[in-house]
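Data block below; observations after.
The values are calculated or read from the model by the stated rules, or taken from the named source; none is laboratory data. Computed from a predicted model, the values in this text were never measured in an experiment. FYI the Cβ positions are ideal-geometry reconstructions off the backbone, even for glycines, and counts take in every protein chain you see.
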Amino acid sequence: MDLVSLMKKFQEFIEIFYLEELQNQIMHDRNFIVIDFATLSGFSPEISDKVLEEPVETIQSFELAIEQIQLSHEIKKFKIRFSNLPPSRKVLIKNVRSKHLGKLLNLEGTIRQKGDVRPQVTSAKFECPSCGNIQTIIQLDQKFSEPTKCACGRKGKFKLIDKEMIDLQGLVLEEATENLEGGEQPRRMQVVLKDDLVSPISEKKTNPGSKVKICGIVTEVPIPAKDGGKLTRFDLVFEANFVESIQEDYSEIEISEEKEQELIEISMMPDVMNKIIDSFAPGIYGHEKVKEAILLQFVGGVQKKRGDGVKNRGDIHILLIGDPGAGKSQLLKRAQVLAPKGRYVSGKGASGAGLTAAVVRDEFMKGWALEAGALVLANKGICLIDELDKMTPEDRSAMHEALEQQSVTISKANIQATLTCETTVLAAANPKFGRFDPFSNIARQIDLPPALISRFDLIFPIRDIPKPDADERLADFILNMHQENTTKEPAIDTETLKLYIIYARKTFAPELSTEALEEIKQYYLKMRNSGSKDEDGIQQAIPITARQLEAMVRLAEASAKLRYSTVVEKQDGVRATELMQYWLNNMGIDPDSGKIDIDKITSGITSTERNKIGIVRVVIDDLEKKHGKKIPYDEVLQICESKSIPKERTEEIVEKMIRKGDLYRPDRDSISKI
C-alpha cells in the first residue's frame, strides 16, 4: 500500500470511528488521540500490520493525514497514541533483542527512576548571511545539525533564526518481580517520553513506584568511543508512544456501579466485621485480634490537615513480634495479596537507602537523579517489612521520619529533597533470643530501639505456648488443609474483599460522634489514673500517653470506614479501646507493680525500674562523700538491699551504668564514678 492510499484509508477510519472524539480533544486543547488497536485491526488488518512492523513512518503519515481532515478548528502537530496492542506484542524487558528494533511493542514494569523534563530541538531554521535564503534542518541525531552550504555557493557559518522544541523526559523501567525466575536480577530499560506524555496530567502515572504498561518503539543509540568515534555496540532506548497505569493507588481504581452496589450490600450484612475477619486469611489459624487490627490498618484513619499546616497522619502502623513458625510471615504475605499497592521487604535484604531513597547517577540525562526506596514506592499503599530485628541499627534509623512525619528527606550530592511517604507499615520481628522466654518480661526480649517501637500504634506478641486443646485444633486445621489441598471457602472472596477495602478507603472519611469521643476519653482517663502510686500517693507509672489516644482515634475511624459508615459511633470507639487494651495487657504490664506502664515499651525501662536506678545513684553519691573516689561495692549492695532492691537487680543496674560509661571498676571490690 503506497503512502497516499494509506493516508486516505486512515482518514476514512478516523471519520467512521473517532471523529467525535477527535473534535472533543481539539475543543479541550489536547493535541493527541488514543486509538484502540483492536478497532483499527478490525477495520483494516493491512494497516494494523504496517503499524506494528513499520511504526515510525506509518505513525508519521497518520499524523499528516489527521492534519488534512477538515474540521472547524485547525489541527497542528497532532499525535497518534495506540493502546490495547495484541498479546503477541507483549515482550519482557529481559527478552528484548535486536530483532525487535524499530517494532511497536508493549513493555510492563515498575518505574524505578525519573529524570527531569528537558527541551529537545526537533527542527531549526538557518539564514544565509550572503543571499538571505532560509533553510530548515530536521534534527534527527543526538548532535545538533547545521547546514554545510547554501544554494548560492556560500560555505561556513549560518545564522540560527528559529527552532522548534518539544519536552523530553527519561525514565528507568524495571522488570516486574512476578516475571522473574529463581535468582534472576530484574532487567532495566531506558524509556523516553515526549510531548503530551510529560504533561502534568500524565506526570502522576509515571511517578517512581508506579506499575505501568508502555507501548512504544525500541530504538538503538550509538555509544560514543573515547577517541570521538562510535562503538560497534549500541544501547537500547524505548521511545514511548502511550503509557497506561496497571496498579494505581486507592484513589484511582475504578469500581463499576454493579460492583459498588454489591459492596454496599455486603456492608449491610448483620455480622459484617466477623465475616471480613474470617475472609482475611482463611489459611492461617487463630490470631483473630491481629487479623482485625490488620484489616483496620488497610483502610486507615482520616488524615487531618490543620489550619497551621500541620498534618495528623491517618495511617496505622502495626508491629508483630513472635516465636518462629507462629505465622507472622504468612500474615504479611496475605496482606501483600490484599493490598492494592503492597511492597514486601525483608531483614538483611533491605538497607536504609533501599527503604527510603537513594541518589544515583542519571545515565540518560547526565547528572544526579533520585531513586525511590520501598517506603516511598508504597506511597498511599502498605509496606510490609519482615525480619525487622535482622536489619542493622543504621538502616532501621532511616525509618523513624517515614513512620511519624510521613516524609523522607534526602540531602546528598547536589540534591535536597523531601519525598512524600504516606505509607502504612506492617512489620514483623522475632524476640531477642529467637523465641519468647515465658518466665521473663516480654518487653525486655524485644531487641528494637524504644524510639522505633513507640512509633507503632499497635504491637502484638504472637506466642507459641503448648496447650493440648489449642494444639489439637491447630494440628487438625493444618493437616486437613494439606490433605484436601485447599482452605475453607471464605464468606467474601479475595477479589471482592480487595475491592471492599479499596472502596472503604477511598470513599469514606467518617466524622467522630460525641458518643465515640466520650468512650475513648473515658478509657483514656481511666487508664491514666490506674498506674501505680508511691507512698505519698503520687502517680509513678504512666499507663498510656497521648500517642495511644491518637492511635485509638485512628482505629475508631478505620472501624467506621470498614462498616461503610460516615459517622464514628460508640461501637467503633469500643473496638478501638478493646484492641488497645489487648496489646497493653500483653506487652505493657510492669512485673513489679502488676500495673500497666507504657514506659516499659516506649523507653524499655518501667517507672519502677527508673525509681530503682535513681535509688542506686543516690546510694553511690552518698558513699562517694563518705569514702572518696573508691566506693566499696559490697556496701552499695547492702544499702540497696535494705531499701528493698534485690542484690541481683542492683548488680544489673551497676553493670548497665558501667556499660553506659557512668561508672568504672578500679578493682574487683570497688566502683568509681567517672
Residues of segment 77-97 being in contact (Cβ under 8 Å) with a residue 40 or more places away in the chain and more than 21 Å from LEU40 (Cα to Cα), which ones? LYS77, LEU92, ILE93, LYS94, VAL96
Of all residues in segment 370-411, count the ones that are free of Cβ contacts under 8 Å to residues at least 40 places away in the same chain, touching a Leu at 6+ places or on another chain (Cβ under 7 Å) and outside any strand (DSSP E or B). 2
For segment 640-651, enumerate the residues that are touching a residue at least 12 places away in the same chain (Cβ under 8 Å) and surrounded by fewer than 18 Cβ atoms within 10 Å (Cβ to Cβ). LYS643, ARG649, GLU651
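Here are some residues: GLY628, GLY594, GLY588. Which one is more than 30 Å from ILE502 (Cβ to Cβ), surrounded by fewer than 18 Cβ atoms within 10 Å (Cβ to Cβ) and at pLDDT below 80?
GLY594
Take the residues in segment 161-177 that are β-branched (Val, Ile, Thr) and within 32 Å of the chain's Cα centre (by Cα); name whichever of them is modelled with the lowest pLDDT.
Among them, the one singled out is THR177.
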Taking the residues in segment 20-40 that are assigned to a helix (DSSP H, G or I) and free of Cβ contacts under 8 Å to residues at least 24 places away in the same chain as candidates, determine which candidate is surrounded by the most Cβ atoms within 10 Å (Cβ to Cβ). GLN25
For a quick check of your reading of the model, give me the residue pairs whose first member lies in segment 652-674 and is touching a residue at least 40 places away in the same chain (Cβ under 8 Å) and in a strand (DSSP E or B), whose second is of a type in the set (S, T, N, Q) and surrounded by 14 or more Cβ atoms within 10 Å (Cβ to Cβ), with beta-carbon atoms closer than 9 Å and at least 6 apart or on different chains. LEU663/SER672
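Just for strands (runs of 3 or more DSSP E) wholly inside segment 74-153: which have at least 3 residues that are surrounded by 18 or more Cβ atoms within 10 Å (Cβ to Cβ)?
79-83, 104-127
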Among (1) of a type in the set (D, E, K, R); (2) modelled with pLDDT under 85; (3) buried (at least 18 other Cβ atoms within 10 Å of the Cβ), there is one condition ARG554 misses while meeting the rest; what is its number? (2)
Tabulated pairs, segment 180-196, first assigned by TED's automatic domain parsing to the domain that holds ASP116, second assigned to a loop (DSSP other than H, G, I, E, B) and modelled with pLDDT of 85 or more, C-beta under 9 angstrom, 6+ apart or interchain: ARG187/LEU92; ARG187/VAL96; MET189/VAL96
Per the list (1) out of contact with any strand residue (DSSP E or B) (no Cβ under 6 Å at 6 or more places or on another chain); (2) of a type outside the set (Gly, Ala, Ser); (3) at pLDDT 80 or above, residue check on GLU387 breaks on (1)
Within segment 154-173, restricting to residues that are farther than 21 Å from CYS131 by Cβ and β-branched (Val, Ile, Thr), the one that is surrounded by the fewest Cβ atoms within 10 Å (Cβ to Cβ) is ILE166
